[in-house]
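A.B. asks: Before anything else, here's the structure in question.
The values are calculated or read from the model by the stated rules, or taken from the named source; none is laboratory data. On a predicted model such as this, the values are computed, not experimentally measured, just so you know. No Cβ is skipped: glycine too gets one built from the backbone with ideal geometry, and neighbour counts run over all protein chains shown. To get the accessible areas, we keep the full protein, side chains included, count just its heavy atoms, and leave off ligands, DNA and RNA. Shrake-Rupley method; radii C 1.70, N 1.55, O 1.52, S 1.80 Å.
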Amino acid sequence: MKKTIRMILCLTLVFTLMVGCTVVNVAKAGTVNGEDVPLGVYKYSVRIAEMYLGVMDAEDMLTMIAMYDSYTASMVYGAISDIMAEAGAPEEGESIWDKAYGETTVGEAVKEAVFDELAKLYVAADIATEKELTLTEEEASALSTAKANLYSVPGSKAAFDEALGKINLTSNQLEDLWTKILLADKLSGNIAEEGEIAPEEVEAYFNDNYMRVKHILVKVGDEGIETIEDAKKKADEILGALASDGDFEGLMTAYSSDVDAEGNINGGEEGYIFKEGDFGNPAFEDASKALAVGEYTKEAVLVTGGSYEGYHIIKRYEMPENYFADNAENLTSMIESTLKADAYEAYINAETEKAEIVKNESKIKGVKLTVIK
C-alpha cells in the first residue's frame, strides 16, 4: 500500500512538472543568496558573449533576437572584453573556443566569466532592492517596449517565445534579467553620488596612470608585406636601423602605417596620450607601460585584432608641458568617472565575495558553444 502511495506521489510530481514546464524552469546554472540563476538566462548571456567574439549563426533566430538586446549586451561585454583582447585571433582552422587562455581555454574562460558577471548582477540587484531603489515609470515602460519590439524580430510573440524556449528561457525571465541590470545601474549611480573625489586625487591619478607614446606600425598590406611573418621581418629591420642611428621620428615617418586621411602620423604631433584600458589591447598597453620616458621597445610587439593588427615599435615620450592644466575639464570628467566606476566595481566585488553563491559546474560545462566552420 505504501509503495503504491509513493508511486502515485511520484507520478503526480512528474505530471506537475510537465504541466508547468512552460512557466517553471527547473534547470539552473546556480544560485545567488538562495535565488536561482535560470539555466536559460545563463545560456542566453553566453549567446551574447559569442556574438561579441564574432561567433554567431546568422540563421539562428535566438541569435537574431539577441542582436537587438542592448540591455544584456551592456552587462556581458564588459565581462569578456579582457578575454577577447588578450586571447587575440585564433590560428587558421582553429576554433576561438579552443585557443589557450592562461591555464584554460577561451571557451571555458568565457563561460566562467559570464556566470561570475551574472552573480555580481544578482548581488547588485539585491542591494538595490534593500536600498529601495526602483525603476521609474518611464524606465519600466521603456523596458516593456523593448521587449515588445523584440517580438517583431521573429514576427510574433509566439515565434519569439518559441525561439527563447529552445534554451528554456521565458520572456518573463528575460524581462527580470533586464530589470536587474537597470537596478544595478541605479545602484552604481547611487554609490557614485555618495562619493566625493578631491581635485588632487584626479591629478594624482593622471600622473600615475596616463602615458604618452608614439609607434611605428608594420602590418600586412603594407608595401611588400604579404604575411604576418613579413611584417615581423620588416619590423626587425627597422629596429636594427633604430639601434644604429636612433632616429625614431625619421623611421616613423618613413615606415609607420598609422597615418590618417590628412597625413597625420600617430594622430598628430602629440602621439597618443592614454591610460591602461583605453586602447582595449593589453599587448600594446602593457608594452607602453613598461617603458621609461625616452625608451623604445627593443623587440617588436605583436598586436592582434582590429585595424592596428601587426608589429609595433613603441617609444614613450614625456608628457607635453601643462597638458593636464590645458585639458583639466575633460580629463577631470573622465578620471572622476573612472574612479567612481573602479570604486563601484571594488564594492560589488567585495559584496559578491560575501554572498552565498553556488555554481552548477556540470550544467555550465555542459553548455555547448557555437562553432562556425
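A.B. asks: What helices does the chain hold that run 24 Å or longer along their axis, going by alpha-carbon atoms, with a Kyte-Doolittle average of 0.0 or more, using DSSP H for the helix calls?
C.D. replies: Helices meeting the criterion: 2-19, 70-87, 106-130.
A.B. asks: Using a 1.4 Å probe over the heavy atoms of the protein chains, calculate the carbon and sulfur portion of the accessible area of the stretch 230-322 as a whole percent.
C.D. replies: Answer for the stretch 230-322: carbon and sulfur cover 46 percent of the accessible area.
A.B. asks: Would you work out the Kirkwood radius for the stretch 76-141? I mean one over the mean of 1/r across all pairs of different Cα atoms, in Å.
C.D. replies: 14.2 Å
A.B. asks: From the helices alone, meaning DSSP H stretches of at least four residues, give me the mean residue ellipticity at 222 nm for the chain, per-run term -39500 (n - 2.57), in deg cm²/dmol to the nearest 500.
C.D. replies: Helix-only estimate at 222 nm: -18500 deg cm²/dmol.
A.B. asks: Also, quick follow-up: For the pair Asn172 and Ala158, how long in nm is the line joining their label points, each one 7 Å along Cα→Cβ?
C.D. replies: Taking the two extended label points, one gets 2.1 nm.
A.B. asks: Karplus couplings for the stretch 53-66 from phi (6.51 cos²θ - 1.76 cosθ + 1.60, θ = phi - 60°), rounded to Hz, Gly and Pro as x?
C.D. replies: With coefficients 6.51, -1.76 and 1.60, one gets 7, x, 10, 7, 9, 5, 8, 7, 5, 4, 5, 4, 5, 4 Hz.
A.B. asks: Counting only protein heavy atoms, what percent of the accessible surface of the stretch 98-216 is carbon or sulfur at a 1.4 Å probe?
C.D. replies: For the stretch 98-216, the apolar C and S fraction of the accessible surface comes to 45 percent.
A.B. asks: A follow-up question, please. Under the classification rounded if a/c is under 1.5, otherwise prolate if a/b is larger than b/c and oblate if not, where does the chain fall, given a ≥ b ≥ c as square roots of the Cα gyration tensor eigenvalues?
C.D. replies: Judged from the Cα gyration tensor, the chain comes out prolate (a/c at least 1.5, a/b above b/c).
A.B. asks: If you stretched the chain out fully between Met319 and Ala254, how much longer would it get, using 0.36 nm times the residue separation minus the C-alpha to C-alpha distance?
C.D. replies: 21.0 nm
A.B. asks: How much accessible area per residue does the chain have, in Å², with a 1.4 Å probe?
C.D. replies: Result: 55 Å² of accessible area for each residue.
A.B. asks: Please work out the C-alpha center-to-center distance from the stretch 171-214 to the stretch 323-348 and express it in whole Å.
C.D. replies: The two parts, judged by their Cα centres, are 9 Å apart.
A.B. asks: Rounded, prolate or oblate: pick one for the stretch 120-193, where a ≥ b ≥ c are the square roots of the eigenvalues of its C-alpha gyration tensor, a/c under 1.5 means rounded, and failing that, prolate if a/b is larger than b/c, else oblate.
C.D. replies: prolate
A.B. asks: Quick one: length gained pulling Glu329 to Ala292 fully straight, 0.36 nm per residue minus the C-alpha distance?
C.D. replies: Result for the pair: 10.6 nm of gain on full extension.
A.B. asks: Tell me, in nm to one decimal, what length is gained between Ala58 and Ala346 on full extension, where the rule is 0.36 nm per residue of separation less the Cα-Cα distance?
C.D. replies: 100.0 nm
A.B. asks: Nearest 20 debye, what's the magnitude of the dipole of the chain about its Cα centre given +1 on Lys and Arg Cβ and -1 on Asp and Glu Cβ?
C.D. replies: It comes to approximately 2700 debye.
A.B. asks: Express the relative contact order of the chain as a whole percentage, based on alpha carbon pairs under 8 Å and six or more residues apart in sequence.
C.D. replies: The value is 23 percent.
A.B. asks: Give the shape of the stretch 281-373 as rounded, prolate or oblate, defined through the alpha-carbon gyration tensor: a ≥ b ≥ c are the square roots of its eigenvalues, a/c under 1.5 means rounded, and otherwise the shape is prolate if a/b is larger than b/c and oblate if not.
C.D. replies: Oblate.
A.B. asks: Take the alpha carbon atoms of the stretch 73-210, find their radius of gyration, then divide it by 2.2 N^0.38 Å using N residues; give the quotient.
C.D. replies: Normalised Rg, Cα atoms only: 1.37.
A.B. asks: Continuing with the same structure: Let me check I've understood the local charge: for Trp178, count other residues with C-beta under 11 angstrom from its C-beta, Lys and Arg +1, Asp and Glu -1. What total comes out?
C.D. replies: -3
A.B. asks: Okay, next question. For the stretch 32-87, place one equal point scatterer on every Cα, skip the solvent, and apply the Debye formula. What is log10 of I(q)/I(0) at q = 0.23 Å⁻¹?
C.D. replies: Listed by q, the Debye log ratios stand at -0.93.
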